[in-house]
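Here is the structure we will look at, set down as C-alpha cells.
The values are calculated or read from the model by the stated rules, or taken from the named source; none is laboratory data. Since this is a predicted model, take the numbers as computed values, not measurements. Quick reminder, even Gly has a Cβ in these numbers, built from the backbone with ideal geometry, and neighbours come from all protein chains shown. SASA here: full protein model, heavy atoms, side chains in, ligands and nucleic acids out. Shrake-Rupley method; radii C 1.70, N 1.55, O 1.52, S 1.80 Å.
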Amino acid sequence: RGKDDKYRVRMPKLRVAKEYKDKRKSIDDVERNIFKFKKSSEEKSKNMDKEEKFFRETFMYDKEIRVLARASAARSVRSQRRADLPLTAGEQLDVIDAVQGHAVICRNAQGRYGYVLVEHLNFR
C-alpha cells in the first residue's frame, strides 16, 4: 500500500432494498409520456371552474371576472367564514372587485375567491 491509501476514508456501501431496485428498473424501462402535464392542467382547470361556479352562486356575481390589480398578502389570516379568503403571508392575489367598504373580492393562485380586508393587502 502506498502512502495515499493509508489516509483514504472508506465509505460503506449503502444497501438498496430489492423491491425498490426492481421498481426503479421498471420505471426506467417504461416509455415516458411527453404529455404528462396535460392531466394535471385539466384537473386544475376543472377545479378552477368549480371554484368560479361556487363564487358566482355565493356572491351573486354575474359580471365578467376581470383583474383590477395584483396585491400580496401582508400577513397570514385565517378565514372566519366560507366567504372570506384565508391568506398566507406573501401570497399573490388578484383583486377582482371592490364591493364593500374595507373589503375587496380577491382570487388566490388556487383559483379560490373570497373577501379580503384591504388592511391585509400590499399593493404595488
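List of remarks:
- Count - residues of region 100-111 that are closer than 15 Å to Val67 by Cβ and either in a loop (DSSP other than H, G, I, E, B) or open to solvent by 30 Å² or more (accessible area, probe 1.4 Å) (or both): 4
- Screening region 47-86 for residues that are open to solvent by less than 40 Å² (accessible area, probe 1.4 Å) and charged (D, E, K, R) and picking the one that is farthest from Ala103 (Cα to Cα) gives Glu51.
- Helices (runs of 4 or more DSSP H) contained in region 1-97 and holding at least 1 residues modelled with pLDDT of 65 or more: 37-59
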